[in-house]
1. Anything in segment B:40-61 that is at the interface with chain A (Cβ under 10 Å from one of its Cβ atoms) and without any contact (Cβ under 8 Å) to a residue 60 or more places away in the chain? List them, or say none.
2. Can you tell me which residue is most open to solvent (accessible area, probe 1.4 Å) among those in segment A:93-125 that are closer than 27 Å to B:M65 by Cα and away from chain B (no Cβ under 14 Å)?
3. Name every residue in segment B:53-73 that is within 7 Å of ligand 2 (Cβ to nearest atom) and under 24 Å from the mean Cα position of the chain (by Cα), in order of residue number.
4. Taking the conditions exactly as written (without any contact (Cβ under 8 Å) to a residue 24 or more places away in the chain and within 16 Å of the chain's Cα centre (by Cα)), does A:P28 satisfy them or not?
5. Check segment B:24-32 and report whether any residue there is touching a helix residue (DSSP H, G or I) at 6+ places or on another chain (Cβ under 9 Å), within 16 Å of ligand 1 (Cβ to nearest atom) and in contact (Cβ under 8 Å) with a residue 12 or more places away in the chain.
6. Looking only at segment B:13-52, filter to residues that are in a strand (DSSP E or B) and open to solvent by less than 30 Å² (accessible area, probe 1.4 Å); which one of those is farthest from ligand 2 (Cβ to nearest atom)?
7. Within 12 Å of ligand 2 (Cβ to nearest atom) and open to solvent by less than 20 Å² (accessible area, probe 1.4 Å), is that true of B:S79?
8. Does B:L86 satisfy being within 16 Å of ligand 1 (Cβ to nearest atom) and in contact with a helix residue (DSSP H, G or I) (Cβ under 7 Å, 6 or more places away or on another chain)?
Amino acid sequence: MALRLSTKRLMKELKDIQEKGTPAGIIPLSTESVDEWVFLICVLGDETIYKGEQFALRLIFSDRYPIDCPQVTFIADDQYQPPLHPHVYSNGHICASIFGNEWSPVLTAVSICITMQSMLASNKKKERYV
Amino acid sequence: MDLNHPLLASAVDLLPPFPSSHPQIQRLDRSLYCQICKELFSGPVSIPCGHSFCSRCIRGSLEVMKKCPSCNEPASEGSIRRNRALEEIVDSWEEARPIIHGLTSNNSRKRSIMNTGPKNAFAAESTKRPRKESTSRSVSPVKQSSDKKEEIDGDADDMIALDPYTNMAESSEDVKASCPLCDITMPIRDISRHIDLGCQPIKPRPKSQGRENLKADWKKVFSGAGLVKGKDVELKKITKPNYSLATPAELRSVLQSYNLSTFGDKPALAHRVQEWILLYNSNLDTSHPKSLGALRAKLNEAEASRRRDKEKGREEMASELKTSDGLARYAQDTKGEFERLRREIMERDKKRVGSGAEAPIEIE
Ligand SMILES: [Zn+2]
Ligand SMILES: [Zn+2]
Ligand SMILES: [Zn+2]
């Protein structure tokens, strides 16, 4: 009967999204299970090299969330491809400090999406190193 | 187990938000939320940078990284200090919130006191979270409450006419519901303690005598004597052992001294000690400490829930959550909402694309 802290926090975030919506270009796609969410990410505006593209970001939360960072990857399947970006592997793995030593428990699913969106927005070259 | 139980429903219930017509009050409200758990501060503490969090939240975070989650300034567990002023503010805000919420949202609706309709357990429950505090209130010195409880169930508009010492939060606690585990009926405020105690009957709280108790409350605040010096609440923080050096026997003896299970291998023992110290130490940072019994129950529950996860796997656990009525409906609602949002945005995208070739989605 006692909900885990992680579940409670996630439920809160969901309700928050339900009430306030998400920022432009970030679209909640599925919350099939309580601890695995998928968001569609698009970069807005004319400046971007990702104009018109959509990427699916999958977040998997452990029961230590938000103390521990969720596992975040871009989906790579028939429907979605990860963005061409120096810090994104072709299998969707993302190399970003916010998922390492810069993770903070004050961050949320939506703030992760915003970070990913601006990571893409600031990229000028479609390159993949890995 | 009754899964439509208000307690379960409220476990995922946010306090009702303030309307955007009152940005000042939205800001005040926001400032009293812990940035880690996103709930009103519970046992708030401060660290050297000046940021505040629930004791439990920041202690958990500092175990993983020795810096402030908000500003990255270095911090350590030893630098945690209780923030008594903030705790008093949060406590009073929690009591005042439903009243102010009523004032900001139902300005147009006036009802007389005599006119209040039948009580609705759900409506009342939503004004008061089953906070850790509601458990401990029964062990802390009596808080003032009111004799007019019967009358103030309705709109906050009604409240201003009443004795200023009454408050809605207290009144809602008189609403009864049945325990989701054993089905016995009791006031909602007692349920979490009742469950913590393994479904034991709860003695009714002594009725308070208005101002007398208010005085006592003030005394308590001024003397800083928030902690109940009950038989089983000790006041000293537990110093952390060095887990890597401690032998299983040493860990067991720590556990034994707090009447905890000594079952398991070394990692299990170390984990139990660690969790216990977290619960125990953060319990000392609040004016509404729980009894050791309640803490033990909490530790056991956490361990049992982790075991369940391990045995069944997260996947199944998640789907079980979805099949249980209350949460299922919630998950369904949310999913529906997601679907709607998605469709709406897709629709919008289509329109934009349709109106001009490759028209970008613009920030509104
Ligand atoms: Zn917190
Ligand atoms: Zn800070
Ligand atoms: Zn002082």
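The values are calculated or read from the model by the stated rules, or taken from the named source; none is laboratory data. These numbers were taken from a predicted model, which means no experiment stands behind them. Neighbour counts run over all protein chains shown; Cβ positions are idealised from the backbone, glycine included. Each accessible area value is taken on the protein alone, full model and side chains, heavy atoms only, with ligands, DNA and RNA left out. Shrake-Rupley method; radii C 1.70, N 1.55, O 1.52, S 1.80 Å.
1. The answer is B:H51, B:F53, B:C57, B:I58, B:S61.
2. Filtering segment A:93-125 for residues that are closer than 27 Å to B:M65 by Cα and away from chain B (no Cβ under 14 Å), the one most open to solvent (accessible area, probe 1.4 Å) comes out as A:H93.
3. B:C68, B:S70
4. Yes.
5. Yes; the residues of segment B:24-32 include at least one that is touching a helix residue (DSSP H, G or I) at 6+ places or on another chain (Cβ under 9 Å), within 16 Å of ligand 1 (Cβ to nearest atom) and in contact (Cβ under 8 Å) with a residue 12 or more places away in the chain.
6. Narrowing segment B:13-52 to residues in a strand (DSSP E or B): B:33, B:40, B:44-46, B:52.
In the following step, the residues that additionally are open to solvent by less than 30 Å² (accessible area, probe 1.4 Å) were identified as B:40, B:44-46, B:52.
On the way: B:L40: 19, B:P44: 14, B:V45: 12, B:S46: 9, B:S52: 9 Å.
Among residues in segment B:13-52 that are in a strand (DSSP E or B) and open to solvent by less than 30 Å² (accessible area, probe 1.4 Å), the one farthest from ligand 2 (Cβ to nearest atom) is B:L40.
7. Working: within 12 Å of ligand 2 (Cβ to nearest atom): yes; open to solvent by less than 20 Å² (accessible area, probe 1.4 Å): no.
So B:S79 fails the test.
8. No: the conditions fail for B:L86.
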